[in-house]
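Here the structure comes first, spelled out in structure tokens, and everything after it is commentary.
The values are calculated or read from the model by the stated rules, or taken from the named source; none is laboratory data. Just so you know, these numbers come straight off a predicted model, no measurement behind them. Cβ atoms come from the backbone with ideal geometry, glycine included; neighbour counts cover every protein chain shown.
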């Protein structure tokens, strides 16, 4: 049997291959803070997200950091057949952009507010009737902010997977990802190359059944 790390790699490779076959033409990246102010196409990791949802059969998904909606729309494109009707897709951001684009995705539940605000946390948690399949975080790229989002929503919603964007973008995110790799061992995989996100970075964790505060020897660390 393959080690978990190798199994995650195979899952990610399968996801990217499947995602390349999905039409994401209307899933635009939108506004950016880089040299190009607006990207009018889907970016590479959108295909990964869409393929990951499709190949793993995920239907209950929470995204932290909506921006213009390209990533959650790509996630939606990975839903198959009747999955759209029974899916629960929730995305949270402090701003609300691209109202027109979201009209094609009425099944996506948009929430405006700070994902760490207790009222928002309560509303998000109550949006799901059971544990979720995926927690995808692409918001403020700071150590404490990202870690707190992970801690809160893994505790409340017990996702099967956690995906983090921009794990190579800055020292804070590199530090956090290093800690998560050490903590989760073979249940963490740097999918930056697979998802063609080599600069900013892209990481995946198989998290269900493993507490964020649990060490490799199975003891729970005091917080």
Scanning the stretch 154-172 for residues that are farther than 22 Å from residue 68 by Cα and in contact with a strand residue (DSSP E or B) (Cβ under 6 Å, 6 or more places away or on another chain) gives 159, 161
Restricting attention to the stretch 55-76, which residues are in a helix (DSSP H, G or I) and over 13 Å from the mean Cα position of the chain (by Cα)? 55, 56
So which of 128, 52, 48 is closer than 20 Å to residue 154 by Cβ and in a helix (DSSP H, G or I)? 52
Residues of the stretch 45-59 satisfying the condition of being surrounded by 21 or more Cβ atoms within 10 Å (Cβ to Cβ) and either in contact with a helix residue (DSSP H, G or I) (Cβ under 7 Å, 6 or more places away or on another chain) or closer than 19 Å to residue 124 by Cβ (or both): 46, 47, 48, 49, 50, 51, 52, 53, 54, 58
So which residues in the stretch 35-45 are assigned to a helix (DSSP H, G or I) and in contact with a strand residue (DSSP E or B) (Cβ under 8 Å, 6 or more places away or on another chain)? 45
Which members of the stretch 8-37 meet the condition of being surrounded by 12 or more Cβ atoms within 10 Å (Cβ to Cβ) and either modelled with pLDDT under 80 or farther than 17 Å from residue 48 by Cβ (or both)? 26, 30, 31, 32
Does the stretch 114-131 hold any residues that are within 20 Å of residue 75 (Cβ to Cβ) and in contact with a helix residue (DSSP H, G or I) (Cβ under 7 Å, 6 or more places away or on another chain), and which are they? 115, 125, 128, 131
Please state which of the following conditions residue 164 fails to meet, knowing it meets all the rest: (1) in a helix (DSSP H, G or I); (2) within 15 Å of the chain's Cα centre (by Cα); (3) farther than 11 Å from residue 62 by Cβ. (1)
Name the residue that is surrounded by the fewest Cβ atoms within 10 Å (Cβ to Cβ), counting only residues in the stretch 77-103 that are touching a helix residue (DSSP H, G or I) at 6+ places or on another chain (Cβ under 7 Å) and assigned to a loop (DSSP other than H, G, I, E, B). 80
Restricting the stretch 134-149 to residues that are buried (at least 21 other Cβ atoms within 10 Å of the Cβ) and in contact with a helix residue (DSSP H, G or I) (Cβ under 8 Å, 6 or more places away or on another chain), which is nearest to residue 52 (Cα to Cα)? 134
Please go through (1) surrounded by fewer than 24 Cβ atoms within 10 Å (Cβ to Cβ); (2) free of Cβ contacts under 8 Å to residues at least 60 places away in the same chain for residue 67 and return the number of the only condition it doesn't satisfy. (2)
Please state which of the following conditions residue 110 fails to meet, knowing it meets all the rest: (1) touching a strand residue (DSSP E or B) at 6+ places or on another chain (Cβ under 9 Å); (2) assigned to a loop (DSSP other than H, G, I, E, B). (2)
